[in-house]
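Peer 1: Right, I'll just put the structure down here and ask away after.
The values are calculated or read from the model by the stated rules, or taken from the named source; none is laboratory data. Everything quoted here is computed from the prediction, not taken from an experiment. In this analysis, Cβ positions are derived from the backbone assuming ideal geometry, glycine residues included, and neighbour counts consider all displayed protein chains.
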């Protein structure tokens, strides 16, 4: 059974392009079975519940819930290659990211499984932020596949495709910026290769959209020292003379 739930949620982040996009859920897997309260059984069909939400910079939110009741296709640790389910299909949206929240649990209900956990359910993970995927990570008009993992027990594969309504592969207003090394331990060198003005604004956001660094630079080069930040993905926004670009960087300690 598949149930679609709709609500509103917003994460503040810079939107950079008017695009259209589709997101599909293609595979599911769970490794947290309780055999309907009868004990842990590796080979038994499971009763997992998966909830997925995706939000863009324009505050469009789409969500769905997948439930399974003693389904042979949901055996412990086996991928269920479901019929591709369209989670989102948006047009003319000002966004440059897709933010995913997820929730999951093992239902003890014998019938009438709900999308919300109840007393007695096992391995419950309430709704929480899971992953931020930016358009800069995905070549336009190309299917990008990623896996959302919850607690090392629930796995959801999503396919994302987007296109720019400008109808061109390159945005003439996007700055050309070289960054190296990437990944690094926190030291990143940035070189603006095509700016006319010898100054630019640079800011860094973490995966929640929180700005952790901002500065104005005179010249066309700068070095960021983010060694005090934890390992993970960050997004660097650079603006110069009404042109901008967002770069994805990774810190590895």
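Peer 1: Which count do you get for residues in region 105-120 that are crowded, with 19+ Cβ neighbours inside 10 Å and either touching a helix residue (DSSP H, G or I) at 6+ places or on another chain (Cβ under 7 Å) or part of a loop (DSSP other than H, G, I, E, B) (or both)?
Peer 2: 4
Peer 1: Of 98, 129, 125, which residue is assigned to a strand (DSSP E or B), without any contact (Cβ under 8 Å) to a residue 60 or more places away in the chain and touching a strand residue (DSSP E or B) at 6+ places or on another chain (Cβ under 9 Å)?
Peer 2: The match here is 125.
Peer 1: Answer with yes or no whether residue 123 is touching a helix residue (DSSP H, G or I) at 6+ places or on another chain (Cβ under 7 Å), at pLDDT below 95 and surrounded by 16 or more Cβ atoms within 10 Å (Cβ to Cβ).
Peer 2: Criteria not met by residue 123.
Peer 1: Shifting gears a bit: Determine, yes or no, whether residue 149 is modelled with pLDDT of 95 or more and within 29 Å of residue 130 (Cα to Cα).
Peer 2: yes
Peer 1: Now, a different point. When region 135-148 is examined, which residues are found to be touching a residue at least 12 places away in the same chain (Cβ under 8 Å) and under 19 Å from residue 86 (Cα atoms)?
Peer 2: 135, 138, 140, 141, 142, 143, 144, 145, 146, 148
Peer 1: Okay, moving on. Considering region 79-95 alone, what residues qualify as being under 18 Å from residue 154 (Cα atoms) and part of a strand (DSSP E or B)?
Peer 2: 80, 85, 87
Peer 1: Give all pairs with beta carbons closer than 9 Å in which a residue from region 207-224 that is at positive phi meets a residue that is assigned to a strand (DSSP E or B); count only pairs at least 6 apart in sequence or on separate chains.
Peer 2: What qualifies is 209/97; 209/99; 209/132; 209/235; 219/192; 219/199; 219/200.
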